[in-house]
1. If we scan segment A:87-102, do we find a residue that is within 11 Å of chain B (Cβ to nearest Cβ), free of Cβ contacts under 8 Å to residues at least 40 places away in the same chain, in a loop (DSSP other than H, G, I, E, B) and open to solvent by 40 Å² or more (accessible area, probe 1.4 Å)?
2. Those residues that are open to solvent by less than 40 Å² (accessible area, probe 1.4 Å) and either closer than 18 Å to A:Tyr33 by Cα or away from chain A (no Cβ under 11 Å) (or both), I need them from segment B:47-58; list them, please.
3. Looking at (1) at pLDDT below 95; (2) part of a loop (DSSP other than H, G, I, E, B); (3) more than 8 Å from chain B (Cβ to nearest Cβ), which is the one condition that is false for A:Glu56?
4. Those residues that are over 13 Å from A:His85 (Cα atoms), free of Cβ contacts under 8 Å to residues at least 60 places away in the same chain, crowded, with 18+ Cβ neighbours inside 10 Å and more than 11 Å from chain B (Cβ to nearest Cβ), I need them from segment A:1-46; list them, please.
5. Say we look at segment A:103-112 and pick out the residues that are part of a strand (DSSP E or B) and either surrounded by fewer than 16 Cβ atoms within 10 Å (Cβ to Cβ) or out of contact with any Phe, Trp or Tyr (no Cβ under 7 Å at 6 or more places or on another chain) (or both); which of these is nearest to the other protein chains (Cβ to nearest Cβ)?
6. Select from segment B:28-46 the residues that are within 19 Å of A:Gly106 (Cβ to Cβ), more than 7 Å from every other protein chain (Cβ to nearest Cβ) and open to solvent by 50 Å² or more (accessible area, probe 1.4 Å) and list them in ascending order.
7. In segment B:1-26, what residues are surrounded by 12 or more Cβ atoms within 10 Å (Cβ to Cβ), within 14 Å of B:Thr106 (Cβ to Cβ) and either free of Cβ contacts under 8 Å to residues at least 60 places away in the same chain or over 16 Å from the mean Cα position of the chain (by Cα) (or both)?
8. Which condition number does A:Glu79 fail, the rest of (1) of a type outside the set (S, T, N, Q); (2) touching a strand residue (DSSP E or B) at 6+ places or on another chain (Cβ under 7 Å); (3) open to solvent by 50 Å² or more (accessible area, probe 1.4 Å) being met?
Amino acid sequence: EADIYQTPRYLVIGTGKKITLECSQTMGHDKMYWYQQDPGMELHLIHYSYGVNSTEKGDLSSESTVSRIRTEHFPLTLESARPSHTSQYLCASSPAAHSEQYFGPGTRLTVT
Amino acid sequence: AQSVTQPDIHITVSEGASLELRCNYSYGATPYLFWYVQSPGQGLQLLLKYFSGDTLVQGIKGFEAEFKRSQSSFNLRKPSVHWSDAAEYFCAVGGVAGGTSYGKLTFGQGTILTVHP
């Protein structure tokens, strides 16, 4: 059973605020990922990490940033939220690059 | 670049009927293939995966999928659908070692399944 957690589950925030979406996993996975998903659409990879102090941008350009100081923790930060950032953000982890990914429940972000 | 196409945006079936969800991929070699299911407001749950070997793979909840290299397809099937199967289903392809997509998943647009009683 995969144990990957995201907080908050829902967030409504005003334009210009700084926000951090939390993602933690207890499985010791090296690989972690952030996806953005708009309603009825596919998932787009925005950031990934293959280990501590390693982060890369994904296929979809994003104004967010990530950090990986600890294996189990992969937070995503938006310095100044805008309405265009309104979306669902899904975090995932994987034990190996060629393996399946385990997903958290997601954070639904609304920027007003 | 790898890509995934799920031709059916929305499928409606009656409870007890059989189900087939289509997935076509584009990739230069045999990729890793996955089917995930997403209930409203939730993350994705892995149904099954194909890495190599037997082209018919069994998953959880009574689902199976068949990899057909000649058709670049990985269709998901279930012989008898239950009302609890109503959800959105995503096909995904993962790149193999040595490629630029290694370690990443590319998802299709998803197919929403509605089950009528």
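1. Scanning segment A:87-102, I find at least one residue that is within 11 Å of chain B (Cβ to nearest Cβ), free of Cβ contacts under 8 Å to residues at least 40 places away in the same chain, in a loop (DSSP other than H, G, I, E, B) and open to solvent by 40 Å² or more (accessible area, probe 1.4 Å), so the answer is yes.
2. Within segment B:47-58, just B:Val57 meets the criteria.
3. So the condition that A:Glu56 fails would be (2).
4. Result: A:Ser24, A:Trp34.
5. A:Phe103
6. Looking only at segment B:28-46, we keep the residues that are within 19 Å of A:Gly106 (Cβ to Cβ), and these are B:34-46.
Filter again for more than 7 Å from every other protein chain (Cβ to nearest Cβ), leaving B:35-41, B:45.
Within segment B:28-46, B:Ser39, B:Pro40, B:Gln45 meet the criteria.
7. B:Asn24, B:Ser26, listed by residue number.
8. Tallying (1) of a type outside the set (S, T, N, Q); (2) touching a strand residue (DSSP E or B) at 6+ places or on another chain (Cβ under 7 Å); (3) open to solvent by 50 Å² or more (accessible area, probe 1.4 Å), A:Glu79 fails exactly one: (2).
The values are calculated or read from the model by the stated rules, or taken from the named source; none is laboratory data. Being a predicted model, the structure only gives us computed values, none of them experimental. No Cβ is skipped: glycine too gets one built from the backbone with ideal geometry, and neighbour counts run over all protein chains shown. Quick note on the areas: whole protein, heavy atoms, side chains included, nothing else; ligands and nucleic acids left out. Shrake-Rupley method; radii C 1.70, N 1.55, O 1.52, S 1.80 Å.
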